[in-house]
Amino acid sequence: LGTMLVCTIISFMAAYGIAHIPGKLGNVLYLIFTLGQIIPFHSIMIALSVQLTNTNLLNNLTVLIFLYAGFHGAFGIFTYVGFLKSIPKELEEAAAIDGCGMFRCMWQVIFPLVRSTSITLLVLFFLWTWNDFLMPNLYVSDSGLRTLTVAIYMFKSTSGSEWNLMLAGMTLSMVPIIIIYIAAQKYITSGLTAGAVKMKLKRRTAENGQY
């Protein structure tokens, strides 16, 4: 839950800023965050482990939340920017005329318009974080702080495996995923495609001279 909230808020605020930066600077920042998606975690996990050890930040779930937010934020920014650029600027101009500040406009005018995208990202952030095994296994060794995926793995040892407990744990771990997916499935496809569809309609309307 912490990862979902932190990553969504940071991604939206960063995407809002990038979408409103004029000139090439906004495109450069957008490209940097987009390229951040292609860096695999395995290429930096050793260096990151050394840094966390030197700063005594191991076995800390708060640190794990911000690490997940950093890794997933690039995708969130990439998704939000595509949608925010399709929102007419007249909405923000009208809000500014009515005395609405930038921060208030961002959260009370623009953010409700990206509800489907936000719900889609929340579901994806939950799936990626809930199912992750490598990062919590590397950076959380305290048995009281282990995530469910790591705890299930503890039922397996070199001498044998407790398959009954492992299967029970795996079944339990699937329940939240199924519930969240059923509750938000109608937003998943629409959230990822809404921005692209609106941009296409806007471009087609402009070509026809009706915009």
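The values are calculated or read from the model by the stated rules, or taken from the named source; none is laboratory data. Note that the coordinates shown come from a computational prediction; the quantities given were computed from them, not determined experimentally. Positions of Cβ are backbone-derived with ideal geometry, glycine not excepted, and every protein chain shown enters the neighbour counts. Each accessible area value is taken on the protein alone, full model and side chains, heavy atoms only, with ligands, DNA and RNA left out. Shrake-Rupley method; radii C 1.70, N 1.55, O 1.52, S 1.80 Å.
Things worth noting here:
- The stretch 109-156: number of residues that are of a type in the set (Phe, Trp, Tyr) and assigned to a loop (DSSP other than H, G, I, E, B): 2
- Subset of the stretch 139-153 that is within 20 Å of residue 175 (Cβ to Cβ) and not hydroxyl-bearing (Ser, Thr, Tyr) - its residue that is most open to solvent (accessible area, probe 1.4 Å): 146
- Annotation note: of 19, 15, the sole residue that is in contact with a Lys or Arg (Cβ under 8 Å, 6 or more places away or on another chain), part of a helix (DSSP H, G or I) and in contact (Cβ under 8 Å) with a residue 40 or more places away in the chain is 19.
- Top-ranked residue of the stretch 87-103 - restricted to ones that are assigned to a helix (DSSP H, G or I) and aliphatic (A, V, I, L, M), ranked as surrounded by the fewest Cβ atoms within 10 Å (Cβ to Cβ): 97
- Hits in the stretch 23-54 - residues which are outside any helix (DSSP H, G or I) and either of a type in the set (Lys, Arg) or touching a helix residue (DSSP H, G or I) at 6+ places or on another chain (Cβ under 9 Å) (or both): 39
- Identity of the residue in the stretch 161-176, over 17 Å from residue 150 (Cβ atoms) and at pLDDT below 85, that ends up most open to solvent (accessible area, probe 1.4 Å): 163
Every residue, every condition in (1) free of Cβ contacts under 8 Å to residues at least 60 places away in the same chain; (2) farther than 25 Å from residue 10 by Cα; (3) among the aliphatic types (A, V, I, L, M), yes or no:
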residue	(1), (2), (3)
112	yes, no, no
120	no, no, no
126	no, no, no
155	yes, yes, no
